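Trainee: One structure follows; several queries about it will come next.
FYI, it's all coordinate maths here, none of it is from the lab. If you're wondering where the values come from, they're calculated on a predicted model, not measured in any experiment. Glycine gets a Cβ as well: all are built from the backbone with ideal geometry, and neighbour counts include every protein chain shown.
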Amino acid sequence: MTKQLQPIQQLKGSIKVPGDKSISHRAVMFGSIAEGKTTVEGFLTGEDCLSTISCFKKLGVSIQQEGENVTVEGKGLTGLTPSSEDLYVGNSGTTIRLMLGILANTPFQSTLTGDESIAKRPMNRVTKPLKEMGAAIDGNDAGNKVPLHIKGGETRGIHYTSPIASAQVKSAIILAGLDGEGTTSVKEPFKSRDHTERMLKAFGVEVETDELTVSVAGGQKLKGTHIEVPGDISSAAFFLVAGAIVPNSEITLKKVGLNPTRTGILDVLKNMGADITYQNINETASEPFGDLVIKSSDLKGTVIQGDLIPRLIDEIPIIALAATQAEGKTIIKDAHELRVKETDRIETVVNELKKMGADIEATEDGMIIHGKSSLHGASVQSYGDHRIGMMLSVAACIAEGETTLTNSEAIAVSYPSFFEQLDILSK
């Protein structure tokens, strides 16, 4: 699908961004392996999360969805049943990697596959430790690429030192350890997002966290519960940057998740000089949330690196756009993980923004952006990556002339109402 985008004079008003993708995935997954009923409020109805529902239905779980409300009749850790079909995860890396951890506890074989993007993404970061725990896994490229075949059963706890800070890797290992023998722990070089640890506690699981190490004892059971999903800060990021760079703008984003492991985007924008204020903060929920107000801002360049990267890895494409409108140089480093996302996000961000007139260059583990650039309309494409598509749509808001975006349908993966809400704010 191709979309013609015009520059926008200002953005004004209030919106509620879709539910957090990471939390929506986990609510359905954990509800499926819990005992009893789990209800989910604010579920993200994007394609990725619907893939998770589809996979667990194939594994025998009864799941009812009415818009943003989902009810899951849990079957317990050992109650899943074999699927007669392949488990198709679509475009969702979270679905496939966390499911591998759950399926490590099942005594039957499952086959997982996905779309063209998933077919290119490395899985050995998860399959390697799961094999150490006792799961039998094979597939393309010695079990590094889909389709993957996994047969689990009697797993044993391991103490794993992860070479990367990845919530997907950490979560898969911890989930495999829930029904394993002994204790399972994962140590990371930096702290990754902690939605799994928080939600497992809500399901009654004892989880220990000691600085960069997370541990669970095997033999624990999950109990069904109610999960309220806050707005996704990764989705809010696009409107935060839009509000900062489109002149004469003021946007209020309602009930956005403010988990400290995810708020790197707010720290960076503040450091760049963005006019952001917080309202109605709720710290009592297992996942804190609040309202964010962003106004047009004079931005300045910054350096983004080190332990900040895991807290904003998904937001780097839109941060790069913000940097094109900041005075001075912005350097992004230590973000090699971007090269194995839905696309090589370093190359796609640099190539597409260059088409629009940005002064930006790729490095091995990030990019260097020289601001401030005047952007112009161009023919650009998402490469099937939802975050690239949304970033380019925001860029079109401040570009001179018309921008043509190819593969705009990819945005529905995480933000089906994106263009509708952009249109509401521009009127």
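Trainee: GLY139's amide H: which non-local residues (gap 5+, or another chain) put their own amide H closer than 5 Å, with H modeled 1.01 Å from N in plane and none for Pro or chain starts?
Mentor: HIS149
Trainee: Scan around LYS75 for amide H atoms under 5 Å from its own, H built in the peptide plane at 1.01 Å from N, and keep only partners 5 or more places away or cross-chain.
Mentor: Correct list: ILE33, ALA34.
Trainee: For the peptides 345-351, 21-27, what is the packing order when you average, over each peptide's residues, the other Cβ atoms within 10 Å and list the highest mean first?
Mentor: On the way: 345-351: 21.6, 21-27: 27.4.
With the highest mean Cβ count within 10 Å placed first, the list reads 21-27, 345-351.
Trainee: How big is the gap, in Å, between the Cα center of region 58-120 and the Cα center of region 336-404?
Mentor: 33
Trainee: Also, quick follow-up: Can you tell me the alpha carbon radius of gyration of region 1-82 divided by the globular rule-of-thumb value 2.2 N^0.38 Å? It would help to have the intermediate numbers written out before the result.
Mentor: Numbers: Rg = 16.7 Å, N = 82, 2.2 N^0.38 = 11.7 Å.
The value comes to 1.42.
Trainee: Straight-line reach from LYS355: which lysines fall under 23 Å, measuring Cα to Cα and dropping same-chain residues less than 8 apart?
Mentor: LYS3, LYS300, LYS329, LYS333, LYS341, LYS372
Trainee: Please give me, ordered by residue number, the GluC sites (Glu not before Pro) of region 357-427 that lie in loop per DSSP and have at most 13 other Cβ atoms within 10 Å.
Mentor: GLU364
Trainee: To continue, here is another question. Could you give the angle, 0 to 90 degrees to the nearest 10, between helix 386-398's Cα long axis and the longest principal axis of the Cα atoms of the chain?
Mentor: 10
Trainee: So the label point goes 7 Å from the Cα of ASN280 along Cα→C-beta, right? Which residues of region 222-251 then have their backbone N under 12 Å from it?
Mentor: The answer is 231.
Trainee: Hey, with R₀ at 60 Å, roughly what FRET efficiency would LYS12 and THR111 work out to, going by the Cβ-Cβ distance, to 0.05? Could the numbers behind the result be given before it?
Mentor: Values: r = 50 Å, r/R0 = 0.83.
The formula returns an efficiency of 0.75 here.
Trainee: Label 7 Å along Cα→Cβ of GLU228; region 243-274 residues with amide nitrogen under 12 Å?
Mentor: Correct set: 255-256.
Trainee: A further question on this structure: List the residues of region 295-320 whose backbone N lies under 16 Å from a point placed 7 Å from the Cα of HIS370 along the Cα-to-Cβ direction.
Mentor: The answer is 301-302, whose backbone nitrogens lie closer than 16 Å to the label point.
Trainee: Taking every alpha carbon pair in region 21-228, what does the distance histogram look like in 10 angstrom bins from 0, in percent?
Mentor: Binned Cα distances yield the sequence 9, 39, 40, 11, 0.
Trainee: Which loop GluC sites (Glu not before Pro) in region 222-320, with loop taken from DSSP, have no more than 15 other Cβ atoms within 10 angstrom of their Cβ?
Mentor: Working: sites: GLU228, GLU250, GLU283, GLU315; in loops: GLU283.
Here the GluC sites (Glu not before Pro) that fit, given the DSSP loop and packing criteria, are GLU283.
Trainee: Ok, one more. In terms of the Cα gyration tensor, with a ≥ b ≥ c the square roots of its eigenvalues, is region 373-427 rounded because a/c is under 1.5, prolate because a/b exceeds b/c, or oblate? Before the final figure, lay out each step's value.
Mentor: Working: a/c = 2.24, a/b = 1.21, b/c = 1.86.
Cα axes put region 373-427 in the oblate bin.
Trainee: Let me ask another. Using 20 Å bins from zero, what percent of all Cα-Cα pairs in the chain falls into each bin?
Mentor: 28, 57, 15, 0
Trainee: To continue, here is another question. Considering only region 202-295, what is the antiparallel percent among its DSSP beta bridges, to the nearest 5? Spell out each step's value before the answer.
Mentor: Working: 16 of 17 bridges.
Within region 202-295, antiparallel bridges account for around 95 percent of the total.
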